[in-house]
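The values are calculated or read from the model by the stated rules, or taken from the named source; none is laboratory data. All values derive from a computational prediction rather than experimental measurement. Backbone-built Cβ (ideal geometry, glycine too); neighbour counts: all protein chains shown. Heavy atoms of the whole protein, side chains included, go into the accessibility calculation; ligands, DNA and RNA do not. Shrake-Rupley method; radii C 1.70, N 1.55, O 1.52, S 1.80 Å.
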Amino acid sequence: MIDENVMQLGVNLATILAKNTASMVTDKVTQIKENRNKDEQIAQYEQIITDLIDDKSGLTRIALSYKDELEKITISDEDIKSLHNTLSKILNLVPNFNNQTTESKDSLNLLINLIDADTLKTMQILGYNYKEAIGVPLTLATAEFIEQSLKVKKNTNNGNRKE
């Protein structure tokens, strides 16, 4: 599925490219040359230059937007190493990890081993978006955990309150 932003960038790019093809600019210049009034020629040449500069700015904005969209789904080697190290540390910090079943430990270790530069880069080439696939569920799980923790603390505090 193509993101709406990316689709709109493609439309904007096609519009700019169609507007100023080499033949169209050449045709405009030929028409200007036919005009014998030098002041009008100068004004028309300036208009062409202004239009081309505006289009160049538009193309630069589109290129930067494409870059931003790519960065949303790309994980750098540095990010991969950090993620791998962090998950390994988390497993050592989780108090119940040592009490987990062998199957649970194997699943968690498999996840850590999947976070490898070659694996992640290959999956990205195939179109897999790790930030969305892993990041969104982790964000939701973290938010739910925090909300539940706050509810428990709030209920505990309300039970101890003297009125």
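Tabulated results
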{"item": "Residue under evaluation Arg61, criteria (1) modelled with pLDDT of 90 or more; (2) in a loop (DSSP other than H, G, I, E, B), criterion not met", "result": "(2)"}
{"item": "Single match in Lys105, Lys72 (criterion: of a type in the set (D, E, K, R) and at pLDDT 75 or above)", "result": "Lys72"}
{"item": "Filter result (of a type in the set (S, T, N, Q) and within 19 Å of Glu69 (Cβ to Cβ)) within the range 119-143", "result": "Gln124, Asn129"}
{"item": "Some residue of the range 77-85 being assigned to a helix (DSSP H, G or I) and in contact (Cβ under 8 Å) with a residue 60 or more places away in the chain", "result": "no"}
{"item": "Residue tally, condition surrounded by 15 or more Cβ atoms within 10 Å (Cβ to Cβ) and among the basic types (Lys, Arg), over the range 59-81", "result": "0"}
{"item": "Subset tally (residues that are open to solvent by 60 Å² or more (accessible area, probe 1.4 Å) and either under 30 Å from the mean Cα position of the chain (by Cα) or farther than 30 Å from Gly10 by Cβ (or both)) for the range 29-58", "result": "17"}
{"item": "Residue in the range 1-17 that is farthest from the chain's Cα centre (by Cα), counting only those that are open to solvent by less than 60 Å² (accessible area, probe 1.4 Å) and of a type in the set (A, V, I, L, M)", "result": "Ile16"}
